[in-house]
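A short worksheet on the structure shown next.
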Amino acid sequence: MIAFIGRSLVQKIATLFFVSIVSFAIIHLAPGEPSQVDPLNPKFTPEMVERFRTAFHLDRPLAVQYAYFYRDLFTGRSLSWKDNQPVMQKIRERFWNSLPLFIVGTLITWTISFPVGIRSAIHRGGIYDRSATLIAYVLISIPGFFFAYILIILVVTHLKVPVVGMRTFGLWDTSWLFQTMDRLWHMLLPSALGASGGIAVLSRYVRSQMLEVEGQDYVRTAKAKGLPWEMVHYKHALRNALLPFVTMFGLILPGLIGGSVIIESIFSWPGMGRMAYEAILARDYPVILTVNFIAAVLVLIGTFVSDLLYVIVDPRIRL
Amino acid sequence: MTAPAHLFPTGLEEPAAPRRTRFEEFWRLFRRNRLALVGLAVFLLFFATAVAGVFLTAGNQPVFDPALVRLQEKLRPPLSPPLLEALAPGEAPPLGVYLFGTDDLGRDVFARMLQGAWVSLTVGFVAVGISVLVGVFLGAMAGYYGQRAVRLEQLLFTLLLIAGGSLLAGGQIGIGAALLVAGHAWLFFSLSPWGFRRWGSPPGWVRLLLGRVMQVDTLIMRFVDIMLCFPSFFLILTVVALLPASIYTIMIVIGLTSWEGTTRFVRAEFLSLRELDFVAAARALGLSDVRIIFRHITPNAIAPVLVSATIGIASAILTEAGLSFLGFGVPPPHATWGNILSDGKRFIFDAPWLTFIPGVAILLVVLAFNLFGEGLRDILNPRLRERN
């Protein structure tokens, strides 16, 4: 066990090192430079550009820039090129905005997908299963932003759910409870949207896992010896079908950054995805690279956690 | 094609091929899956539309002109007749009505949708084509040659070549070209008979260079791990935003960021297939490795690739639409479903058809590909076949 942890830690750190090189290379080798973002601005004299290039080490060789960047990143000194704010502080602020969205979305996803998937599997081929399947496919296939606009039209014209931002503007000095409710209310639509794709995928997965297990001999035996219906499905089948999902707890971690760019920009939600999008627009390399680095760290932690969980829940796996 | 009678004495049937060909069997199973059938039908319709769209909207005098601006006719709802007195002759829509309405510049949305269909189609197919090619190639290499070792010098000149190529692409032509030349020189040196093989007992530094670093399998699969660390939409967005906007950039970038899954399961298939007897037989016949890999093993490993390619097309179309929505899609005068939708969002309450028509079109096409892909998976999966 300890050997496994040590080995995978070394492996993950090596992977992370290469990720850092690849992402740095992708960004810096692309044509154009941050100093040329705004060439029409009359304040940008060649001397200014030169000064910026020196200040941000853009005139040094790539390898030196790489060393500078990751030294700054690990000492927490790297600054955003756009507004000179410390990158880590910017990310921290945005992280706390994204986190609730992510948590609520994940909760919705997991609480809805399991009942739907299990029911589909038990009544395989029935009307419920078929309509759930079709809805799942529609949810997978619908472009997220289009779905968002349908919901916005619906909500703005019929219900009174807010669709912009994180809180109601000007509602600063109300009671704590009121503000919390306000925030939850604002979170409803974006998190439901974020969850919709997840529900579709996860419920299909739950269904296929359930079907797999329902076809096993021990389930047939359980049925044959006359166990009650609930006992067969929920105790014999479901428990075994749940196994792969435990490991998925690790794999949802990267969703914290990856999937939210479009949703956050539609709902003007000041989260990480939107910050990354703005950073890309402004060619704010330190922010882009840091977000990328954090995303990679999350992916690696996620796979590590899921490997560990697998060992814990499945006694058949030995390391 | 009956065999001569003397080969089969009385009482023996001649050996018959399976009564149904593989395709007939496939079609028989496929027909029963109604959703997949619908998916196939929508896909064929979409394909026909896209091809027709190219012919009807291209050229100097297109039948449907997607770029024709009629400011006096802006934001007309679908199926509304044109105000003929306000239009110059030749500006009237060819169908007599604005089938899908007009947008904020008075351009015919039907013509723009026709033009955009081809973009969605090519983005889907080219991107997936690239990712399947890369994925199958790397997966086959990892699965077939996995146990071979990589030498240090091979890694080094590959690095040289990659660095040279990317520097060249990044605009530093002098250093890039020099590195490329050096890399190629090294490559020839190491392959040629006068290269490292010249030394009977090589000196220390040559032995170091010839030392085995890792297995081919490890190299490729670690590379897959590295690529999987990037959140894919974010990576695509970054690259597309930094590179000059063009439809080819988008196709290539989507293709080059989505091959990891294919590589993984092609490798897994190869690992089991290469131990089978037919591969041993092929090898015993003295066939070359290339032939064994691509003529004998790959066709047997291709089923899951087909499924994931179909679903990959769906997600590539969605990705393109998402990029267009964020403003990084195909540059403006050319219409794509994604940018019609993203232009339409400003008029979502006044002109909802600008949002709904492209949105529903994307939804239907992507849905068709997903259903078709899932149907394919059910058919190609023998375990499910028995149960049905």
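There is at least one residue in region A:279-302 that is within 13 Å of another protein chain (Cβ to nearest Cβ), charged (D, E, K, R) and more than 19 Å from B:Met227 (Cβ to Cβ). Based on this model, can you work out whether B:Gly96 counts as at pLDDT 80 or above and not β-branched (Val, Ile, Thr)? No; evaluated as a whole, the condition is false for this residue. The condition (being surrounded by 22 or more Cβ atoms within 10 Å (Cβ to Cβ), within 20 Å of B:Ile130 (Cα to Cα) and more than 14 Å from chain A (Cβ to nearest Cβ)) is satisfied by just one residue among B:Gly312, B:Gly255: B:Gly255.
Per the conditions (1) in contact with a Leu (Cβ under 6 Å, 6 or more places away or on another chain); (2) away from chain B (no Cβ under 14 Å); (3) of a type outside the set (Phe, Trp, Tyr), the sole criterion not satisfied by A:His186 is (1).
Taking the numbered list (1) within 14 Å of chain B (Cβ to nearest Cβ); (2) over 25 Å from the mean Cα position of the chain (by Cα); (3) of a type in the set (Val, Ile, Thr) in turn, A:Ile150 passes all entries but (2). Taking the conditions exactly as written (more than 32 Å from the chain's Cα centre (by Cα), loosely packed, with under 13 Cβ neighbours inside 10 Å, within 12 Å of chain B (Cβ to nearest Cβ) and modelled with pLDDT under 80), does A:Pro39 satisfy them or not? Taking the combined requirement at face value, the residue does not satisfy it. Taking the criterion of being in contact with a Gly (Cβ under 8 Å, 6 or more places away or on another chain) and in a helix (DSSP H, G or I), would at least one residue in region A:66-86 satisfy it? Looking through region A:66-86, none of the residues is in contact with a Gly (Cβ under 8 Å, 6 or more places away or on another chain) and in a helix (DSSP H, G or I). With respect to the conditions (1) assigned to a helix (DSSP H, G or I); (2) closer than 21 Å to B:Ser315 by Cβ, B:Phe223 lacks only one, and its number is (2). Scanning region A:125-140 for residues that are modelled with pLDDT of 90 or more and of a type in the set (Gly, Ala, Ser) gives A:Ser131, A:Ala132, A:Ala136. Among the helices (runs of 4 or more DSSP H) confined to region A:226-319, the ones with at least 2 residues that are over 25 Å from the mean Cα position of the chain (by Cα) are located at A:238-241. Only one entry in B:Ala335, B:Ala303, B:Ala282 is more than 13 Å from chain A (Cβ to nearest Cβ), in contact with a His (Cβ under 7 Å, 6 or more places away or on another chain) and in contact (Cβ under 8 Å) with a residue 12 or more places away in the chain, namely B:Ala282.
Take the conditions within 14 Å of chain A (Cβ to nearest Cβ), under 25 Å from the mean Cα position of the chain (by Cα) and aliphatic (A, V, I, L, M) and apply them to B:Leu318. Does it pass?
On the way: within 14 Å of chain A (Cβ to nearest Cβ): yes; under 25 Å from the mean Cα position of the chain (by Cα): yes; aliphatic (A, V, I, L, M): yes.
So B:Leu318 fits the description; yes.
Hey, can you tell me all the residues within region B:329-350 that are surrounded by 24 or more Cβ atoms within 10 Å (Cβ to Cβ) and of a type outside the set (Gly, Ala, Ser)? Those that are surrounded by 24 or more Cβ atoms within 10 Å (Cβ to Cβ) and of a type outside the set (Gly, Ala, Ser): B:Thr336, B:Trp337, B:Asn339, B:Ile340, B:Leu341.
Checking each residue of region A:262-269 against the condition of being at pLDDT 85 or above and surrounded by fewer than 18 Cβ atoms within 10 Å (Cβ to Cβ) gives no match.
Quick grid of which residues meet (1) at pLDDT below 85; (2) more than 14 Å from chain A (Cβ to nearest Cβ); (3) out of contact with any strand residue (DSSP E or B) (no Cβ under 6 Å at 6 or more places or on another chain):
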{"position": "B:Asp103", "(1), (2), (3)": "yes, yes, yes"}
{"position": "B:Gly106", "(1), (2), (3)": "yes, yes, yes"}
{"position": "B:Ala117", "(1), (2), (3)": "no, yes, yes"}
{"position": "B:Gly124", "(1), (2), (3)": "no, no, yes"}
{"position": "B:Val132", "(1), (2), (3)": "no, yes, yes"}
{"position": "B:Leu138", "(1), (2), (3)": "no, yes, yes"}
{"position": "B:Phe157", "(1), (2), (3)": "yes, yes, yes"}
{"position": "B:Gly164", "(1), (2), (3)": "yes, no, yes"}
{"position": "B:Gly176", "(1), (2), (3)": "yes, no, yes"}
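Out of B:Gly139, B:Gly146, B:Gly129, one residue alone is part of a helix (DSSP H, G or I) and in contact with a Phe, Trp or Tyr (Cβ under 9 Å, 6 or more places away or on another chain). It is B:Gly139. Residues that are in contact (Cβ under 8 Å) with a residue 24 or more places away in the chain and either within 14 Å of chain A (Cβ to nearest Cβ) or crowded, with 22+ Cβ neighbours inside 10 Å (or both) within region B:239-252 comprise B:Val240, B:Ala241, B:Ala245, B:Ser246, B:Ile250, B:Met251, B:Ile252, listed in sequence order. Applying the set (1) touching a residue at least 60 places away in the same chain (Cβ under 8 Å); (2) surrounded by fewer than 23 Cβ atoms within 10 Å (Cβ to Cβ); (3) within 8 Å of chain B (Cβ to nearest Cβ); (4) of a type outside the set (S, T, N, Q) to A:Arg274 leaves exactly one unmet item: (3). Against the numbered list (1) part of a helix (DSSP H, G or I); (2) farther than 17 Å from B:Leu187 by Cβ, B:Gly176 comes up short only at (2).
Please work out if B:Val123 is out of contact with any Cys (no Cβ under 7 Å at 6 or more places or on another chain), of a type in the set (A, V, I, L, M, F, W, C), under 26 Å from B:Ser315 (Cα atoms) and surrounded by 23 or more Cβ atoms within 10 Å (Cβ to Cβ).
Details: out of contact with any Cys (no Cβ under 7 Å at 6 or more places or on another chain): yes; of a type in the set (A, V, I, L, M, F, W, C): yes; under 26 Å from B:Ser315 (Cα atoms): yes; surrounded by 23 or more Cβ atoms within 10 Å (Cβ to Cβ): yes.
Against the criterion (out of contact with any Cys (no Cβ under 7 Å at 6 or more places or on another chain), of a type in the set (A, V, I, L, M, F, W, C), under 26 Å from B:Ser315 (Cα atoms) and surrounded by 23 or more Cβ atoms within 10 Å (Cβ to Cβ)), B:Val123 qualifies.
Looking across region A:105-132, the residues that are more than 21 Å from A:Leu242 (Cβ to Cβ) and within 13 Å of chain B (Cβ to nearest Cβ) come down to A:Gly125, A:Arg130, A:Ser131.
Considering every residue within region B:366-375, establish whether at least one is polar (S, T, N, Q), in contact (Cβ under 8 Å) with a residue 24 or more places away in the chain and away from chain A (no Cβ under 12 Å).
Narrowing region B:366-375 to residues polar (S, T, N, Q): B:370.
Add one more test, that the residue is in contact (Cβ under 8 Å) with a residue 24 or more places away in the chain, and what stays is B:370.
This time we only want the ones that are away from chain A (no Cβ under 12 Å), so: none.
Looking for residues that are polar (S, T, N, Q), in contact (Cβ under 8 Å) with a residue 24 or more places away in the chain and away from chain A (no Cβ under 12 Å), one finds none in region B:366-375, hence no.
Name the one entry in A:Thr290, A:Thr303 that is in contact (Cβ under 8 Å) with a residue 40 or more places away in the chain, of a type in the set (Ser, Thr, Tyr) and farther than 22 Å from A:Pro100 by Cα.
Numbers: A:Thr290 fails: farther than 22 Å from A:Pro100 by Cα.
Exactly one residue qualifies, and that residue is A:Thr303.
Against the list (1) more than 30 Å from B:Gly146 (Cβ to Cβ); (2) more than 12 Å from chain A (Cβ to nearest Cβ); (3) of a type outside the set (Gly, Ala, Ser); (4) free of Cβ contacts under 8 Å to residues at least 60 places away in the same chain, the condition B:Phe325 fails is (2).
The values are calculated or read from the model by the stated rules, or taken from the named source; none is laboratory data. Note that the structure is a prediction, hence the values are computed from the model and not measured. So basically every Cβ, Gly included, is an ideal-geometry build from the backbone, and we count neighbours across all protein chains shown.
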